[in-house]
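First the structure, in the form of structure tokens, and then the observations on it.
The values are calculated or read from the model by the stated rules, or taken from the named source; none is laboratory data. None of these values were measured; they are calculated from a predicted model. Using ideal geometry, Cβ is built from the backbone for each residue, glycine included, and neighbour counts are taken over all protein chains shown. Ligands, DNA and RNA are stripped out before the accessible areas are found, and what is left, the full protein with its side chains, is counted by its heavy atoms. Shrake-Rupley method; radii C 1.70, N 1.55, O 1.52, S 1.80 Å.
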Amino acid sequence: MVTLKASALQDFVGDIFIKAGCSPEEGRRIGRYLVAANLTGHDSHGVVRVPRYVQMKNDGLIRADQEVEVVVDTPVLAVVDGRYGFGQTAAPQAVQIGIDKCRQMGLSAVALRNAGHIGRVGDWAEMAAAAGLVSVHFVNAAGSILVAPFGAVERRFSTAPYCVGVPRPGEAPLVLDFATSVVAEGKVLVASKGGSKVPEHALIGPDGKMSGDPHLLYGDYQAAGGRDYKRGDGAIRAFGDHKGSGLAFMCEVLGGALTGTGAATEGRRFANGMLSFYIDPKIVDPANFLPGELARFVGWVKTAKPIPGEQVLVPGEKEARLRAERLAKGIPLPDEIWQSLVTTAREVGLDERRIQSAAM
Ligand code: NAD
């Protein structure tokens, strides 16, 4: 295990993307968001993605330094095309459009299509919350067929995340943010590379048996080699039986079909689609009832007697705690993931002394 300070890891990842052909601004931004995912404990959406992003850039599947194209623009609504730019560039532009419209109108919706991987969706809810806004996000990942619907063993959905953010004055926002699968694909990736295991009910084989074995997703792989989720003959399971599977279905419909990205199907180019709604609580709630009511409700929920050994947490609490801890103690990375960063840094031609200094 290698442990790095967030700032050092962020700079190293930024340098890799700059060397790979991104502008310094974009490279730093990608580094910042990937490391932000590690800080919140979502290692599945952190720097483990670096080799894959660089490969996608080299293959022309993601493009550097794209400006989004606004294809529909009304006072309350925008449709924004990410033009297959990095998600860490397309998503904040789309969210900013939603924030600006919501500040004018009290309510807005933005359909983002054809974005590169937008990473941890909670980042976008946090961006809206920092502007004082409630937000709701339905997301799909076209071309990424990973998840079996309830009652099936074959893949038909992406891990299609759903996210809701609620700002709290003077406190971290409440952020519910999850894949509609039992686990995000990146968690299986991390498990396959020696990181935390996934639950035994996370995956399903063609025989209908549940398992936590990453080989069901990736087929045969070498410890140090790449992973291709198209090679396994199993699937990740949708969470929450028919209800979670139904939410996944609607994330595909709203985040994929309605945005113009396209819902899950075989052979589609990878892109995230995101349908986001923004609400200004100051307009809904001129009497400013919400902050006090949130404080009361959170306090009340947390007084529920816990199961022995458990704690009652509210959405976003685990991430906020981990962020504080990892900012103080550093980000732990399994050797395999660290080595994949070093290999990618060499492949893009980063100076060897820069690479050697990264983990010091
Ligand atoms: P997860 O299973 O860790 O669930 C996270 C959510 O559950 C958070 O809101 C967290 O605060 C809450 N939570 C966690 N423990 C809790 C507890 N004990 N009590 C109450 N609430 C608790 O998340 P996941 O499904 O593995 O998703 C990980 C990340 O992957 C998310 O950030 C998601 O946006 C991202 N993702 C992105 C894509 C994409 O295509 N860009 C696809 C899938 C997932």
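Can you list the HN-Hα couplings for segment 28-34, worked out from phi with the Karplus curve (6.51, -1.76, 1.60; θ = phi - 60°), rounded to whole Hz and with x for Gly and Pro? Here the 3J(HN,Hα) series is 5, 5, 4, x, 5, 6, 5 Hz.
Each of Glu352 and Lys209 was given a label point 7 Å from its Cα along the Cα-to-Cβ line. The distance between the two points is 4.8 nm. For the chain, a crude dipole built from +1 on the beta carbon of Lys and Arg and -1 on the beta carbon of Asp and Glu, taken about the Cα centre, is about 360 debye to the nearest 20. If R0 is taken as 45 Å, the Cβ-Cβ distance between Thr343 and Lys282 corresponds to a FRET efficiency of 0.35.
Computed on the chain, with alpha-carbon pairs under 8 angstrom and 6+ residues apart, the relative contact order is 22 percent. In a fully extended conformation the segment linking Ser7 and Asp73 would gain 20.0 nm over its present Cα-Cα distance, using 0.36 nm per residue.
Near the amide H of His201, within less than 5 Å, lie no amide hydrogens of residues on another chain or at least 5 residues away, with H placed in the peptide plane.
Using a probe radius of 1.4 angstrom, the carbon and sulfur fraction of the accessible surface of segment 1-57 is 50%. A 1.4 Å probe run over the protein chains yields, for the chain, 45 Å² of accessible area per residue, whole-number rounding. Once both labels are positioned 7 Å from their Cα atoms along Cα-to-Cβ, the gap between Gln311 and Arg168 label points is 1.3 nm.
Across segment 141-150, coupling constants 3J(HN,Hα) worked out from phi with the 6.51/-1.76/1.60 Karplus curve, θ = phi - 60°, read 10, 4, x, 10, 9, 10, 10, 7, x, 3 Hz, and Gly and Pro carry x.
Pairs from the table (Lys57/Lys197; Lys57/Lys187; Lys101/Lys230; Lys209/Lys305; Lys209/Lys302; Lys193/Lys302) lying more than 32 angstrom apart at Cα are Lys101/Lys230; Lys209/Lys305; Lys209/Lys302; Lys193/Lys302.
Taking the centroid of alpha carbons for each part, segment 199-224 and segment 300-360 are 24 Å apart.
Residue-wise HN-Hα couplings along segment 76-84, as the Karplus relation 6.51 cos²θ - 1.76 cosθ + 1.60 with θ = phi - 60° gives them from phi, are 10, 9, 9, 10, 10, 9, x, 6, 6 Hz; Gly and Pro carry x.
For the options Ala304, Ala257, Ala115, a Gaussian network treatment of the chain with springs between C-alpha atoms closer than 10 Å singles out Ala304 as fluctuating the most. Annotation: Lys19 carries an accessible surface of approximately 110 Å², with a 1.4 Å probe and no ligand, DNA or RNA atoms counted. Once backbone amide H atoms are built at 1.01 Å from N, Ala263 has Ala257 as its partners under 5 Å, excluding neighbours fewer than 5 places away on the same chain. For Phe12, the solvent-accessible surface with a 1.4 Å probe is about 0 Å², rounded to the nearest 10. Each principal axis of the chain carries a Cα extent, and these read 59, 47, 42 Å when sorted largest first.
Backbone amide hydrogens, once placed in the peptide plane, bring Gly85 within less than 5 Å of Arg63, Gly116, excluding anything fewer than 5 places away on its chain. With the dipole of the chain worked out from charges on the C-beta (+1 for Lys and Arg, -1 for Asp and Glu) around the Cα centre, which of His215, Gln55, Phe277 lies farthest toward the positive end? Value: His215. Carbon-plus-sulfur accessible fraction, segment 229-360 (probe radius 1.4 Å, protein heavy atoms only): 60%. Between Leu322 and Ala152, the FRET efficiency from the beta-carbon distance, with R0 = 25 Å, is close to 0.15. Ordered from highest to lowest accessible area with the whole protein assembly present and a 1.4 Å probe, Glu352, Glu67 read as Glu67, Glu352. Report the residue, chosen from Asp177, Asp81, Asp241, that carries the largest GNM mean-square fluctuation when the chain is represented by alpha-carbon nodes joined by springs under 10 Å. Comparing Asp177, Asp81, Asp241 in the GNM, the peak value goes to Asp241. Only the Cβ atoms of Lys and Arg (+1) and of Asp and Glu (-1) were treated as charged; on that basis the dipole of segment 246-360 about its Cα centre amounts to roughly 280 debye.
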